[in-house]
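Structure first, commentary second.
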Amino acid sequence: MEFLGVSSYQNLQALSALLSTQQEEDEDETAYTKRTSKDIWSEEEVAEGSQYDDLADPRPQPYEIILKQSVGTEDLFLGLSQKDPSSMCCEAMLVKIKLPDTKAKDVFLDLKEKYLDLRTPKKLGLHLPHPIQNQEGKAQFFSDRQELEVTLLMKPMDFINMQ
């Protein structure tokens, strides 16, 4: 009986050694496939939507973006215009920017199709989430709240040629 016990112990050790080398080979294969890929980063290393985010910057953002829709009773009760709450159906974008210790005369605002450039004693360059009509819109400075509100009309979305 002791002979069977020693034999089964040796079998377990041999099986353990066999499995551990197989796991090491699997890890080597995955590491090798990662090295042979032409991608610079793996999908796990890149956060989605982070092309403009600075993740290393712990400061709070001095702005807020609010998307706006024109909704009438026909939308609210009957749903005739087929609008939904998504950003695809929004007509305007409201950007609220906090500007402490700033006067209205010190504010310079320049708009591009997808970029807002604000020059004050401090600079803000903001990539917008949707293209805008840069010739349309309005800006209003509230000195009591020390806040600039910029209302921008968004370009209509092309549902047919979306990628």
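Tabulated data
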| read-out | value |
| --- | --- |
| Relative packing of peptides 102-109, 10-17 - highest average C-beta neighbours within 10 Å first | 102-109, 10-17 |
| Accessible area in square angstrom per residue, the stretch 60-160, 1.4 angstrom probe | 67 Å² |
| Euclidean distance between Cα centres, the stretch 61-106 to the stretch 124-150, Å | 11 Å |
| Proximal charge balance of L94 [Cβ under 13 Å; K/R count +1, D/E count -1] | -1 |
| Sequence-separation-based contact order of the stretch 81-157, relative, with Cα cut under 8 Å and 6+ spacing, percent | 36 percent |
| Cut-off 14 Å between beta-carbons: net charge of the residues surrounding L76, Lys and Arg +1, Asp and Glu -1 | -2 |
| Charge tally in the Cβ shell below 14 Å around D110, where Lys, Arg are +1 and Asp, Glu are -1, D110 excluded | +2 |
| In the stretch 69-163, GluC sites (Glu not before Pro) in a DSSP loop with at most 14 other beta-carbon atoms within 10 Å | E91, E113, E136 |
| Point-to-point label distance, Q13-D101, nm (Cα→Cβ direction, 7 Å offset) | 7.4 nm |
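The values are calculated or read from the model by the stated rules, or taken from the named source; none is laboratory data. Note that the coordinates shown come from a computational prediction; the quantities given were computed from them, not determined experimentally. Glycine gets a Cβ as well: all are built from the backbone with ideal geometry, and neighbour counts include every protein chain shown. Calculation scope for accessible area: heavy atoms of the full protein, side chains included, ligands and nucleic acids excluded. Shrake-Rupley method; radii C 1.70, N 1.55, O 1.52, S 1.80 Å.
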